[in-house]
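Take a look at the structure set out below.
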Amino acid sequence: MKRLSLAALVAVAFATSCSDETTVFSDTEDNISIEAQESVLDNSILFDDAGVLSINLTDGTSGKTSKTGEEMAGDYPLTLIARVDPPSFSGGENLTASHVDVDGDYAYVSYNTVEDGYAGGVDIINVSDPNNPQVTSRLYYSNADINSIAYDNGYVYAVGGVDAETSVRATANSFVVKIPASNGRLDVSGELVYGFQEGFTANDVKVTESGILVTSGKDGLLTSYKSTDLSIQNDVSFSDLRSVAYNNGTIAVLDASQGVSIMDKNFAVSKEINISSDFGDASKRTIDFSTEKIYVSEGSKGAGVYNMTSGDLVEYIPILLNPEGTDSQDIVTNAVAINEDILLMANGGAGLCLTEEKDGQTNIVGVVDLDGSINFVASKGDYIFAASGKAGLQIVKLNRPDQSLETRCEDLLAYSGSSNLSVNQGETKGFKGSKYFNSINVNGALLLCGTWSVNNSSYINSDGLFEMNGSLSIGRNNKRKNITVNKDATLKIEGSLTVYGDIILNDGATLEFIGDASVANVFGSVKKLGTAQVIGEFRDVRNKF
């Protein structure tokens, strides 16, 4: 272990900034540890329940129902890629994921403690290969909660809380630290720069073109720091700050005592949205916004949607589930996140809710089948990161279709039918799109272009042909399902095939990989019987062929 510091904060070089309430300094002491064992990092990635995720409605079913009562294929073929175990060390045995920031191929995760006192950590996770996410760096704080995190231009900016009464130099409990990070590795070999500000605990951070924005809870400040040395540029006080959001020069903060304030980079307020919801005491609540709407996590009310220009309430998106045996205090919307036309709600014991906006209308899709109480959610690109308490961080892939596949398959119709896709003998069918199925059963010929997930075992029967351009995922690691190719049948893959179960190739069957960039990710076994054959070039992720 390589150690640096925050807690004692002795023998430090420090300088008082333009605010009497904030100190900026560097230190070279104890209380920070970098995990040196690669095996610990490797073993933090768990695939136990990886696989295809269903989306449940309030009655426990999944998918839509047609007029004939037939369950329809779902629009979101989600897969759980892996789960990340929270860090654990002496004095920090009960850490939970508190925040996630995604930049390029890396996710930056902060952790705090659910116990009294202070302990926290930071992870960097490489998600460039969706089949094999890797924790590439881990940092432990033995005396500080890390409540939020942001990455920008070679540095991690982490904010949290420390006990100022036990610190020689800390002027307040709330802090921000700037940590060098490159190629997925945190670097604490030199001095780290810190800044302190008034407030119960620093709870959110955003990077802008002009500085680093930090909020610091009860009786706290919204502070803008210079990114170079964390000296203060500006600050303004609020009664009970919970979150800050930033979009194209506009800043929005959530103050649990009154609502949302919208301001410019100089903290000049242009709009105040009064909200009377009970945000809870010292609870995690976040906001996110687009050019037209702002989304607020409002505890037991769900998510409030407001017009950015007028400040008027557009609608409340309610919490779908009320799970039996779950404390009502844990059925609250803790966080919201926007990814293009998707709104995600971290609803605590009521799970992760997915909502979509189409043609100006908000449609609740359902609750994603994830374990644990969902305390925070972030989403960017093709990924969702759901923090679920002691269950750790869950990495979900949206499996959006590749636009190049849409072009290649532009003559096909988009699929909109049963969740049990069946092709009869003598039939030829082809579809493009992105769907979640219960099962696929091919007796004739089927071409699918796009991204697809299948909850149950699927079959290509005798003389059948199934061709797939894009990605196909089958089963779940704790509920394994197989894909079976029967006598004289052919399965052709151009893209990615992930099977949480077995590939069974019966006598005379052919599995063919097309092109030179295909990937096979098999969690079970590959069973080749008789004259069955596998041909073509592909990457065998788990060496099962």
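Brief remarks follow.
- Between the range 187-219 and the range 310-346, the Cα center-to-center distance that results, in Å: 27 Å
- Plainly put, the range 383-515 has a radius of gyration that is 1.00 times its Kirkwood radius, both from alpha-carbon atoms, as the Rg/Rh ratio.
- The string of couplings for the range 473-479 from the Karplus curve (6.51, -1.76, 1.60, θ = phi - 60°) is 10, 10, x, 8, 5, 9, 8 Hz, one whole number per residue in order, with x for Gly and Pro.
- For residue 259, the residues 5 or more places off, or on other chains, whose built amide H falls under 5 Å of its own are 275.
- Alpha carbon centroid spacing (whole Å) that separates the range 225-259 from the range 360-405: 27 Å
- Note on the chain: with neighbouring protein chains present and a 1.4 Å probe, carbon and sulfur make up 43 percent of its accessible heavy-atom surface.
- Counting only DSSP beta bridges whose two residues both lie in the chain, roughly 70 percent are antiparallel.
- Scattering profile of the range 235-336 at q = 0.19, 0.23 Å⁻¹ [log10 I(q)/I(0), Debye over alpha-carbon scatterers]: -0.88, -1.24
- Greater than 25 Å apart at Cα, pairs in 284/479; 429/528; 301/397; 358/432: 284/479; 429/528; 301/397
- Distance histogram in 5 Å bins (all Cα pairs of the range 240-293, percent per bin): 4, 21, 32, 25, 13, 5, 0
- Surface analysis of the chain yields an accessible area of 39 Å² per residue, using protein heavy atoms and a 1.4 Å probe.
- Sequentially through the range 384-398, phi angles give Karplus couplings (6.51, -1.76, 1.60; θ = phi - 60°) of 10, 10, 10, 8, 10, x, 5, 6, x, 9, 9, 9, 10, 9, 6 Hz, Gly and Pro residues having no value and appearing as x.
- Within the shell of other residues whose beta carbon sits under 12 angstrom from the beta carbon of residue 101, the net charge comes to -2, with Lys and Arg scored +1 and Asp and Glu -1.
- Part-to-part distance (alpha-carbon centres) for the range 487-532 and the range 97-118, which is given in Å: 38 Å
- Grouping the Cα pair distances of the range 185-262 into 10 Å bins from zero gives a pair-distance distribution of 19, 49, 25, 6, 0 percent in increasing distance order.
- Karplus-based coupling profile of the range 114-124, in residue order and whole Hz: 8, 8, 5, x, 10, 6, x, x, 9, 10, 10, with θ = phi - 60° in 6.51 cos²θ - 1.76 cosθ + 1.60 and x standing for Gly or Pro.
- Other-chain or far-sequence residues with amide H under 5 Å of residue 536's (modelled H): 513
- Counting only DSSP H runs of at least 4 residues, each contributing -39500 (n - 2.57), and dividing by the residue count of the chain, the helix-based mean residue ellipticity at 222 nm comes to -500 deg cm²/dmol.
- Principal axes of the chain: Cα extent on each, largest first, Å: 80, 52, 45
- Beta bridges by DSSP in the range 452-497, antiparallel share as percent, to the nearest 5: 5 percent
- Counted over the range 496-536 with a bin width of 5 Å, the fraction of Cα pairs per bin, in whole percents, is 7, 22, 28, 26, 15, 1.
- Taking every alpha-carbon pair under 8 Å whose residues sit at least 6 apart, the chain reaches a relative contact order of 11 percent.
The values are calculated or read from the model by the stated rules, or taken from the named source; none is laboratory data. Given the structure is predicted, the values throughout are model-derived calculations rather than measurements. Cβ: placed from backbone, ideal geometry, glycine included. Neighbour counts: every protein chain shown. With ligands, DNA and RNA removed, areas are computed over all heavy atoms of the protein, side chains included. Shrake-Rupley method; radii C 1.70, N 1.55, O 1.52, S 1.80 Å.
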